[in-house]
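Take a look at the structure set out below.
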Amino acid sequence: QVQVVESGGGLVQPGGSVRLSCTASGRIFSINTMAWYRQAPGNERELVATSTSGGSTNYADSVKGRFTISRDNAKRTVLLQMNSLKPEDTAVYYCLAAVRQTGGSYFLDYWGQGTQVTVSS
């Protein structure tokens, strides 16, 4: 089995910063894309940032220049550094890992349980 666990988040003031961390563990042969999504109350889940195993990154327009995704392949960890936070960044943030299990033939998406980020004064 594969587990994806996020940490970080919490309450932060507008203009502040927070760092989220996500680690995948279990019977993992390789990981392709790791990504962060978020979902605010009443909204659909939306893509925030992605990181491929080859080092490519991509960001939603709403977070470009403020958020940075980084990855440690050896530790199977992806980070999301969030700066200049705005109230509209308030959401539950989810980590996604595209994992090929040991003995498996293809990649499957595994989600974390989510971590709350609240931006408020």
How high is the relative contact order of the chain, in percent, with contacts defined as C-alpha pairs under 8 Å that are six or more residues apart?
37
Residues meeting the amide H criterion for Gly9 (H placed from the backbone, H to H distance under 5 Å, 5 or more places apart or on another chain) are Arg19
In sequence order, calculated HN-Hα J values of region 90-99 (Karplus, 6.51, -1.76, 1.60; Hz; x Gly/Pro):
4, 4, 8, 9, 10, 9, 10, 10, 8, 10
Send over the per residue convex hull volume for region 1-118, Cα only, as a whole number of Å³.
94
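Since every read-out is calculated from the coordinates, none of them should be taken as a lab result. Just so it is clear, the model here is predicted, and its values are computed rather than measured.
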